[in-house]
Amino acid sequence: MSDIIQLLPDHVANQIAAGEVVQRPASVVKELLENAIDAKATAITLVVKDAGKTLIQVTDNGVGMSVTDARLSFERHATSKIKSAEDLFNLNTKGFRGEALASIAAIAHVELKTKTADSEIGTHLTIEGSKVISQEPAVVPKGTTISVKNLFYNIPARRNFLKSNTVETRHIIDEFHRVALAHPGVAFHMLHNGSDVFNLPSSNSRQRIVNIFGSKTNEKLVPVSEETEILKIEGFVMKPEYGKKSRGEQFFFVNDRFIKSPYLHHAVNSAFEGLMKNDVHPGYFLFLEVDPHSIDINIHPTKTEIKFDDEHSIYAMLRATVKHSLGQFNIAPVLDFERDKGFDTPYEYSKKAPTAPTIEVDRDFNPFKEKPKQANIKFPFNRGKESSWESLYVGLKGEIETSSFGTTQQAQGRSLSAVEMEFESEEVTGNLFTDKETERGQTTFQLQNKYIISPLKSGMMVIHQNLAHQRILYEELLKNITVKEAVSQQLLFPLQLSFSKPDVAIIEKIREQLENTGFVFSELKDETIEISGIPVLILESHVVNLLSQLINDIKEEVPDSGFSQNDMLSKSMAASMAIKTGVSLNSEEREHLINQLFACKEPSVSPTNKPVFITLDVNELDKKFM
Ligand code: ADP
Ligand code: MG
């Protein structure tokens, strides 16, 4: 048999490599910006058209390239940044693989204009799909401009795989943020479809953060600073009260390179422990400096993950440093959010020395004897005293008052006997569903502040309160947005909110739809949103959360068509407005919710396609007892 192995032609090899380096327009942006930084630029301009699908252009005032280097820079493994394998362990540049330009040139139309400081005339090179089309002398300023047009023009599958312009632009802005934050001394300018997105003058790190994320960010920042033999930490964390539901502003840089590290993220999170609600994430901008010999950045092709030699010490130092900063700047635990009171130690007991609970088991217990004695659990607190049981039930009180135990008085009586921990479960449940409740015609009750249970002729129904409410709100909002007849409640004092410029721009885009739901915007520009009216369905205190969540959802995914945007808006708003798990509902509220739910067009599924309720047949129940 004859030989069958061949070397792949260069342009094919480059296309394959490109698959690794260039996933989307944002990858090109990252590589070009990093090359400009490596070229010691002090001013960089990024121009993007159609989310980078049509054009990505980066202009810098860095060192530029000679005529030969310009040509060579598009060869695979052509780099000026390392000469030997040793250099890999002492990296001070972003790039080093010499793959980016070769990869990009394999899958786009690329133009390069460049000139070094000491040459009179520059060079202009055109490459398409790895083929040099032309190279000629050109009169250009010192520095480099690289234009990448029609990305993936020769790989339709990749092009079709790209997300909507909103999503791709989001990715580009993310990359832009990462490079711009790491290099505050460099001036950055970004334009998208002809308009300014960011214009960031050379500044310090704090100003850079503020210039990107909006002037109100300044007061949210707590400086972090520490230097030890193995690690230097500088940067900022956001005060705990500004934590976000979504992971927004979280940035780690190691030696000026943006990295992702779940491990270090955990360190920061744990420094915030006790200062934030569980589902809220802290914001941070942390710049770590370590000896380049002590890290390996080579483990990921797009280089956002790195490996530290001494991960554990870095974790411990980072956690301690952030904790220290939060302490130093007097960031006391924030009490103004609804904490789960169940976790608070009742006042009376907080002063007492803890003793272990003792469990007495009745070894003669025989369930078949006529009057069984219960297992008796004693708690280590002062029993009998009228006042003490109350504090024990601090966490349960709300539940007791509004659940189906009947009157509060009755609930108290019940709790008192519960303190004595006679587990007469038969008797308790018996009472629950017979006498008092049914007498007053109440037929629903709440389980775990999460589910509403309602008897049916054929059995029972378990309704997920949050999903049910989402369905109700979703249909209502969708109707309002399209039919435009929502009522709004005027605010006595207009609500002034600050968001970053791009975020305000997002709200501007959906202004009309929001107004249809009942919002009245009295101002909407730069970094300010002023609201003088809100939908009747929501509380004023929820507006900030709702808008942040909305902005976030839009950044994550918005198909550009009108109908689905309304759909998405309604879903997002319904999700933030709906009654949450953990909220106790009284019987009227439960009834109301059920009635509204079954007035919906599609009561059985949530807007996000989850089941809203399940039913359990008596037959099914019967089977459980066989
Ligand atoms: P790497 O950055 O890994 O070296 P690239 O393919 O990104 O690989 O770039 C190849 C080479 O082209 C670089 O090593 C550098 O010498 C040169 N180069 C790329 N972009 C620029 C630029 N903006 N200014 C000056 N030189 C550049
Ligand atoms: Mg590079």
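The values are calculated or read from the model by the stated rules, or taken from the named source; none is laboratory data. The structure presented is a predicted model; accordingly, all values stated were derived computationally and were not measured. Here the Cβ is made from the backbone with ideal geometry for all residues, glycine too, and neighbour counts use every protein chain on show. In case anyone asks, the SASA skips ligands and DNA or RNA and just uses the protein heavy atoms, side chains included. Shrake-Rupley method; radii C 1.70, N 1.55, O 1.52, S 1.80 Å.
In table form, for the structure just shown:
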| item | result |
| --- | --- |
| Enumeration of residues in the range 1-51 that are buried (at least 19 other Cβ atoms within 10 Å of the Cβ), out of contact with any helix residue (DSSP H, G or I) (no Cβ under 7 Å at 6 or more places or on another chain) and either assigned to a loop (DSSP other than H, G, I, E, B) or of a type in the set (A, V, I, L, M) (or both) | LEU32, ALA36, ALA39, ALA41 |
| Unique residue being surrounded by 15 or more Cβ atoms within 10 Å (Cβ to Cβ) and either within 18 Å of GLU128 (Cβ to Cβ) or away from ligand 2 (no atom under 14 Å from the Cβ) (or both) when the list is VAL58, VAL110, VAL63 | VAL110 |
| Residue that is closer than 24 Å to VAL186 by Cα, away from ligand 2 (no atom under 16 Å from the Cβ) and in contact (Cβ under 8 Å) with a residue 12 or more places away in the chain, where the choices are LYS49, LYS81, LYS53, LYS94 | LYS49 |
| Of residues in the range 501-532 being among the small types (Gly, Ala, Ser) and modelled with pLDDT under 90, the one surrounded by the most Cβ atoms within 10 Å (Cβ to Cβ) | GLY518 |
| Qualifying residues in the range 236-255 (those that are in contact with a Ser or Thr (Cβ under 7 Å, 6 or more places away or on another chain) and crowded, with 20+ Cβ neighbours inside 10 Å) - the one farthest from GLN549 (Cα to Cα) | PHE252 |
| Contacts under 6 angstrom Cβ, first residue in the range 19-45 being on the phi > 0 side of the Ramachandran plot, partner part of a loop (DSSP other than H, G, I, E, B) and within 12 Å of ligand 1 (Cβ to nearest atom), 6 or more apart | LYS40/GLY62; LYS40/VAL63 |
| Residue under evaluation GLU311, criteria (1) free of Cβ contacts under 8 Å to residues at least 40 places away in the same chain; (2) surrounded by fewer than 19 Cβ atoms within 10 Å (Cβ to Cβ); (3) in contact with a helix residue (DSSP H, G or I) (Cβ under 9 Å, 6 or more places away or on another chain), criterion not met | (1) |
| Residue list for the range 129-151, restricted to those being under 23 Å from VAL48 (Cα atoms) and at pLDDT 95 or above | VAL140, PRO141, LYS142, GLY143, THR144, THR145, ILE146, SER147, VAL148, LYS149, ASN150, LEU151 |
| The range 84-118: number of residues that are near ligand 1 (Cβ under 10 Å from one of its atoms), under 16 Å from HIS11 (Cβ atoms) and either part of a loop (DSSP other than H, G, I, E, B) or of a type in the set (Lys, Arg) (or both) | 1 |
| Test result for VAL544, under 22 Å from the mean Cα position of the chain (by Cα), under 30 Å from LYS163 (Cα atoms) and at pLDDT 90 or above | no |
| Long-range neighbours under 7 Å by Cβ, at least six apart or interchain, first residue within 23 Å of GLU556 (Cα to Cα) within the range 152-164, second surrounded by fewer than 14 Cβ atoms within 10 Å (Cβ to Cβ) | SER164/ASP560 |
| Residues located in the range 296-321, provided they are assigned to a strand (DSSP E or B) and at pLDDT below 85 | ASP296, LYS307 |
| Condition met for VAL224 (touching a strand residue (DSSP E or B) at 6+ places or on another chain (Cβ under 7 Å) and either within 13 Å of VAL48 (Cβ to Cβ) or in the same structural domain as GLN57 (by TED's automatic domain parsing) (or both)) | no |
| Count - residues of the range 119-139 that are in contact with a helix residue (DSSP H, G or I) (Cβ under 6 Å, 6 or more places away or on another chain) and of a type in the set (Gly, Ala, Ser) | 1 |
| ILE594 modelled with pLDDT of 85 or more, open to solvent by less than 60 Å² (accessible area, probe 1.4 Å), touching a strand residue (DSSP E or B) at 6+ places or on another chain (Cβ under 7 Å) and over 30 Å from PHE198 (Cα atoms) | yes |
| Condition broken by VAL210, with the remaining ones in (1) open to solvent by 20 Å² or more (accessible area, probe 1.4 Å); (2) closer than 25 Å to ALA26 by Cα; (3) free of Cβ contacts under 8 Å to residues at least 60 places away in the same chain; (4) more than 21 Å from the chain's Cα centre (by Cα) satisfied | (4) |
| Qualifying residue in the range 69-83 (condition: more than 9 Å from ligand 1 (Cβ to nearest atom), open to solvent by less than 50 Å² (accessible area, probe 1.4 Å) and in the same structural domain as VAL139 (by TED's automatic domain parsing)) | no |
| Subset tally (residues that are among the hydroxyl-bearing types (Ser, Thr, Tyr) and closer than 24 Å to HIS183 by Cβ) for the range 255-289 | 2 |
| Qualifying position, being crowded, with 18+ Cβ neighbours inside 10 Å and either more than 16 Å from ligand 2 (Cβ to nearest atom) or on the phi > 0 side of the Ramachandran plot (or both), among LYS115, LYS131 | LYS115 |
| Residues of the range 151-172 satisfying the condition of being open to solvent by 20 Å² or more (accessible area, probe 1.4 Å), part of a helix (DSSP H, G or I) and in contact with a strand residue (DSSP E or B) (Cβ under 8 Å, 6 or more places away or on another chain) | THR169 |
| Condition check for LYS30: basic (Lys, Arg), within 29 Å of the chain's Cα centre (by Cα), under 29 Å from GLY185 (Cβ atoms) and assigned by TED's automatic domain parsing to the domain that holds GLU120 | yes |
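Residue-wise test of (1) touching a Ser or Thr at 6+ places or on another chain (Cβ under 7 Å); (2) open to solvent by less than 70 Å² (accessible area, probe 1.4 Å); (3) in contact (Cβ under 8 Å) with a residue 60 or more places away in the chain.
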| residue | (1), (2), (3) |
| --- | --- |
| ASP174 | no, yes, yes |
| VAL179 | no, yes, yes |
| HIS189 | yes, yes, yes |
| ILE259 | yes, yes, no |
